[in-house]
Amino acid sequence: MAESIKKLFVGGNWKSNNTLAESKKLVEEVLNKIEFDENRVDVVVAPIFLQIPYVVEAVNQKIQVAAQNCSATTLGAYTGEIAPAHIQDAKVHWVIIGHSERRSKYGDSDEVVAKKTRNALDSNLKVILCIGETLEQREANKTLEVIATQLQAVKHSIKIEEWPQIVIAYEPVWAIGTGKTASPEQAEEVHKFIREHLAKEISDEVSQRTRIIYGGSVTDANAEELIKKPNIDGFLVGGAALKPGFTKIVDSCKAKF
């Protein structure tokens, strides 16, 4: 880990899962029993919007809460949308933007992702910015080209002084929910490219300080091997965030120190 990166990051994206009763069980039996050094690791969980108030009040106060999405619009006549101001009002300080499922299923283009990022930052939210390639793009050897394009799309939406509010999540789309995982070497190659791209396009300081996390079928079985790679600063966890093994994924961060 680059010396200037002070904390690792483990995010749990619950997606559109869990009844309230199931989330209560997860909070009480798993999350509230996790022990970790909050000075070394940020642990952030993202429930569905309706359950955010419960999780904010009930979860271990060392664990932070994120929204899974936000609108590209502000408060106003936008039926069905959740504006960043609503998220901030709910005492939530993180939002996931650009997740591959939003990009592929709900039309969140690079332009929309850039607008949502700018809108979130305007409400003083911290952003977990997701990028990643499809299987078709990887097989066509376009992974790095796709990553560069996605990063360039948001470059002008983020002011230089706002980069500390950004965590970049590299999610190979072909490894999300499929059980397939990029090898530690494959993941490290892309993470290293992202860091080099930030150095070239933004600054060396932003490159070194920005946390770049991996998301793609992360489990308690592969987390420790992945976290040992020099440019992997943590994880964005999907299905495994709903299971007791999430504790082991948080624990795997100890291998970095």
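So if I take the centroid of the Cα atoms in segment 99-123 and the same for segment 34-60, what is the distance between those two points in Å?
One Cα centre to the other: 23 Å.
To make sure I understand, if each residue's beta carbon is the centre and we count other beta carbons within 10 Å, what order do Arg209, Arg138 fall in, fewest to most?
Ascending number of Cβ neighbours within 10 Å: Arg209, Arg138.
If the label point is 7 Å along Cα→Cβ of Leu144, which residues in segment 167-195 have backbone nitrogen under 12 Å from it?
The answer is 189-195, whose backbone nitrogens lie closer than 12 Å to the label point.
Quickly work out the Glu136-to-Lys228 label distance, labels modelled 7 Å from Cα along the C-beta direction, and quote it in nm with one decimal.
Distance between the two pseudo-spin positions: 3.7 nm.
Using 0.36 nm times the number of residues separating Glu185 and Asp89, minus their current alpha carbon distance, what extension gain do you get?
The span from Glu185 to Asp89 would gain 30.5 nm if fully extended.
Would you mind telling me the antiparallel percentage of the DSSP bridges in the chain, rounded to 5?
In the chain, DSSP labels about 0 percent of beta bridges as antiparallel.
For the chain, with only Lys/Arg (+1) and Asp/Glu (-1) charged at the beta-carbon, what is the dipole magnitude about the Cα centre, in debye rounded to 20?
With only Lys, Arg, Asp and Glu charged at Cβ, the dipole is about 220 debye.
What FRET efficiency comes out for the pair Ile202/Glu22, r = Cβ-Cβ distance, R0 = 51 Å, nearest 0.05?
Details: r = 41 Å, r/R0 = 0.80.
So the FRET efficiency works out to roughly 0.80.
Amide H of Ile96 versus every other amide H placed in the peptide plane: which residues, excluding those fewer than 5 positions away on the same chain, fall under 5 Å?
For Ile96, the qualifying residues are Ala67, Gln68, Asn69, Ile128.
Mean separation of Cα pairs under 8 Å and 6+ residues apart, divided by the residue count of segment 43-123: what relative contact order is that in percent?
Relative contact order here is 29 percent.
Among His191, His156, His197, what is the fewest-to-most ranking by other Cβ atoms within 10 Å?
Ordered by Cβ neighbours within 10 Å, fewest first: His156, His197, His191.
Where a number appears in this text, it was derived from the coordinates with a stated rule and is not lab data. Given the structure is predicted, the values throughout are model-derived calculations rather than measurements. Methodologically, a virtual Cβ is constructed for each residue, glycine included, from the backbone with ideal geometry; neighbour enumeration extends over all protein chains shown.
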